[in-house]
Every structure is written in C-alpha cells, then in structure tokens.
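The values are calculated or read from the model by the stated rules, or taken from the named source; none is laboratory data. These numbers come from a predicted model, not from an experiment. In this analysis, Cβ positions are derived from the backbone assuming ideal geometry, glycine residues included, and neighbour counts consider all displayed protein chains.
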Amino acid sequence: MNREAFDGAPLSQKVFKVFESGKELTSRVFLHCHIKLYAIDGFYAEVYYVPAANKIHKVESLSLDEVLEVYGKQLDISGLMTG
C-alpha cells in the first residue's frame with residue numbers, strides 16, 4: 001500500500017496496516033494523546049491513542065521532512081532512509 005492509498009483508507013485499515021507491517025520507531029505525548037511513529041513501506045505514520053477513552057483517535061501519514069521536523073532531535077532515522 002502506498003502513501004496515497006493509505007491516506008484514503010478508513011481508520012480500521014490504517015490501523016491494521018500499521019500493526020501488520022509497520023516498524024515502531026519512537027513515541028511522544030501531545031496533549032491527551034500518546035503518539036507512536038512507525039515506518040511503513042516507504043513512508044511514516046503516526047498513531048494517536050487516547051488513553052482516557054482507550055481508543056485510537058487517528059492515524060496520519062508523514063513525509064520524511066515532516067518526521068525530521070517533529071522527531072529530528074530524538075530519533076536517528078538515517079538507517080531508514082533510501083537512496
């Protein structure tokens with residue numbers, strides 16, 4: 001599944017894809033969400049989990065530039081880059 005197909009998929013399919021083939025890289029907390037970053041088939045995805053509701057709120061894809069902007073100081077992803 002490429003990033004465009006991932007973005008157009010329903011939440012349940014995104015969650016399945018992340019947990020089936022994603023590699024967890026790191027996590028962070030923002031407001032009321034626990035956010036985990038995964039590498040998946042040439043792109044990245046964040047899973048937003050809300051502990052108070054015990055639910056995944058959303059799953060969003062990210063580009064490498066977006067990952068570096070948000071996680072650059074806490075994560076060395078140089079080994080995951082292609083090219």
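Name the strands (runs of 3 or more DSSP E) wholly inside region 6-57 in which the number of residues that are surrounded by fewer than 12 Cβ atoms within 10 Å (Cβ to Cβ) is 2 or more.
So the answer is 23-30.
Can you list residue pairs whose Cβ atoms sit under 8 Å apart, with the first residue in region 1-24 being more than 14 Å from Lys58 (Cβ to Cβ) and the second being hydroxyl-bearing (Ser, Thr, Tyr) and crowded, with 16+ Cβ neighbours inside 10 Å? Count only pairs 6 or more apart in sequence or on different chains.
Arg3/Ser61; Gly22/Tyr38; Lys23/Tyr38; Glu24/Tyr38
Restricting to region 40-83, and then to whatever is at pLDDT below 85 and at positive phi, can you tell me which residue is nearest to the chain's Cα centre (by Cα)?
Asp41
Looking only at region 25-39, which residues are modelled with pLDDT under 95 and of a type outside the set (A, V, I, L, M)?
The answer is Thr26, Ser27, Arg28, Phe30, His32, Cys33.
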